[in-house]
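To start, the structure under review is shown below, and the notes come after it.
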Amino acid sequence: MHPLVNIAVSAARSAGNVILKHSERVETLQVDRKQHNDFVTLVDRNAEAEIIRTILKAYPDHAILGEESGSSGGDSEVRWIIDPLDGTTNFLHRIPHYAVSIGIEVRGRLEHGVIYAPCTNDLYTASRGAGAMLNSRRLRCSNTKDLDEALIGTGVPLREEFMPDYLKMLGHVATSTAGVRRAGSAALDLAYVAAGRLDGFFEFNLKPWDVAAGIVLVQEASGVIKPLAGDDDVLNHGHILAASYKLVDALESRLKPLSLGD
């Protein structure tokens with residue numbers, strides 16, 4: 001395992017311990033609303049602080065982009081992109097579908113990803129050129145070739161301006177696949193695509209910390225990442241389509257005619 005991934009795993013597990021410690025007393029947590037349907041708790045902040053502490057102990061000069069703390073670290077060639085608790089709303093409702101997500105950029109390119117689901121102790125890791133793993137098992141995206149046999153994950157956009165286009169896309173996908181699931185954690189959904197649990201995933205307007213680790217996982221599991229709209233810089237615009245190479249063109253054909261603004 002790459003040294004950067006070793007530190008990411010240690011940081012993710014430490015954050016997972018923080019999350020689990022509070023998981024049975026969520027009613028005592030102070031909850032702040034960042035925007036409609038987007039919440040943050042002391043657990044998010046403490047978990048992120050634990051991740052940052054672990055990273056900076058090993059690599060004090062590295063740059064960090066965290067969901068809760070923003071950017072730090074200046075001009076380092078290595079940047080850590082952190083979501084300490086992806087699926088906060090699930091966590092607050094005791095729904096065990098949330099994860100710690102850590103992506104690592106080197107010289108502007110995503111190179112490593114770690115996603116840790118503390119409820120199940122599932123650890124997803126990937127490094128560019130070295131494949132993707134779930135615990136000790138090698139990952140590959142699903143072999144599903146036919147759209148009508150595919151199970152697709154999605155997320156509902158928070159911004160109202162995206163809703164009309166999203167609902168059209170959802171209708172097209174729901175009527176041409178085996179089913180659609182909205183589980184509430186984009187990072188974990190991307191990990192599920194890498195693991196073959198979902199055959200594909202699409203969502204609008206995600207943030208870099210939502211997708212950084214998942215992008216590496218999907219690509220290293222022989223999957224494909226494409227933009228739903230805009231240029232190829234999915235990390236920064238967040239309009240993402242992920243699927244196996246056998247399915248991605250068929251799924252894209254149900255989505256692209258309805259791209260943003262069409």
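Could you tell me whether the stretch 204-219 includes any residue that is of a type in the set (D, E, K, R) and buried (at least 23 other Cβ atoms within 10 Å of the Cβ)?
So the first thing to find is which residues in the stretch 204-219 are of a type in the set (D, E, K, R), and the list is 207, 210.
From what's left, buried (at least 23 other Cβ atoms within 10 Å of the Cβ): 210.
Looking through the stretch 204-219, at least one residue is of a type in the set (D, E, K, R) and buried (at least 23 other Cβ atoms within 10 Å of the Cβ).
Could you please let me know if VAL216 is touching a His at 6+ places or on another chain (Cβ under 7 Å), of a type outside the set (Asp, Glu) and modelled with pLDDT of 95 or more? Spelling it out, VAL216 is indeed touching a His at 6+ places or on another chain (Cβ under 7 Å), of a type outside the set (Asp, Glu) and modelled with pLDDT of 95 or more.
Matching residues to (1) within 24 Å of ALA130 (Cα to Cα); (2) modelled with pLDDT under 95; (3) of a type in the set (A, V, I, L, M):
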{"position": "ARG13", "(1), (2), (3)": "yes, no, no"}
{"position": "GLU27", "(1), (2), (3)": "no, yes, no"}
{"position": "LEU65", "(1), (2), (3)": "no, no, yes"}
{"position": "GLY73", "(1), (2), (3)": "no, yes, no"}
{"position": "ARG79", "(1), (2), (3)": "yes, no, no"}
{"position": "ASP83", "(1), (2), (3)": "yes, no, no"}
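Screening the stretch 150-262 for helices (runs of 4 or more DSSP H) wholly inside it with 3 or more residues that are closer than 25 Å to LEU85 by Cα and of a type in the set (Gly, Ala, Ser) returns the ranges 186-195, 208-220.
From the residues in the stretch 130-145 that are without any contact (Cβ under 8 Å) to a residue 60 or more places away in the chain and surrounded by fewer than 20 Cβ atoms within 10 Å (Cβ to Cβ), which one is nearest to PHE91 (Cα to Cα)?
Ranking the candidates gives ASN135 first.
So, ARG182, is that one surrounded by fewer than 17 Cβ atoms within 10 Å (Cβ to Cβ) and on the phi < 0 side of the Ramachandran plot or not? So ARG182 fits the description; yes. Scanning the stretch 88-105 for residues that are surrounded by fewer than 23 Cβ atoms within 10 Å (Cβ to Cβ), of a type outside the set (D, E, K, R) and part of a loop (DSSP other than H, G, I, E, B) yields HIS93, ILE95, PRO96, HIS97.
Return the total of residues in the stretch 216-237 being farther than 24 Å from HIS172 by Cβ and of a type outside the set (D, E, K, R). Give the steps one after another, and end with the answer.
Start the filter on the stretch 216-237 by keeping residues that are farther than 24 Å from HIS172 by Cβ, which leaves 216-217, 219-222, 233, 235-236.
Next, from what is left, pick out any that are of a type outside the set (D, E, K, R): 216-217, 219, 221-222, 235-236.
Result for the stretch 216-237: 7.
Inclusion of VAL173 among residues that are surrounded by fewer than 24 Cβ atoms within 10 Å (Cβ to Cβ), more than 25 Å from THR89 (Cβ to Cβ) and outside the structural domain of LEU110 (by TED's automatic domain parsing) is not warranted. On inspection, ASP189 qualifies as within 15 Å of the chain's Cα centre (by Cα), closer than 19 Å to HIS112 by Cα and charged (D, E, K, R).
Of the candidates ASN6, ASN46, the single residue that is surrounded by 13 or more Cβ atoms within 10 Å (Cβ to Cβ) and at pLDDT below 95 is ASN46.
The values are calculated or read from the model by the stated rules, or taken from the named source; none is laboratory data. Remember, predicted model here, so these are calculated numbers, not experimental data. When we count neighbours, we look across all protein chains shown, and the Cβ atoms used for this are built from the backbone with ideal geometry, even at glycine.
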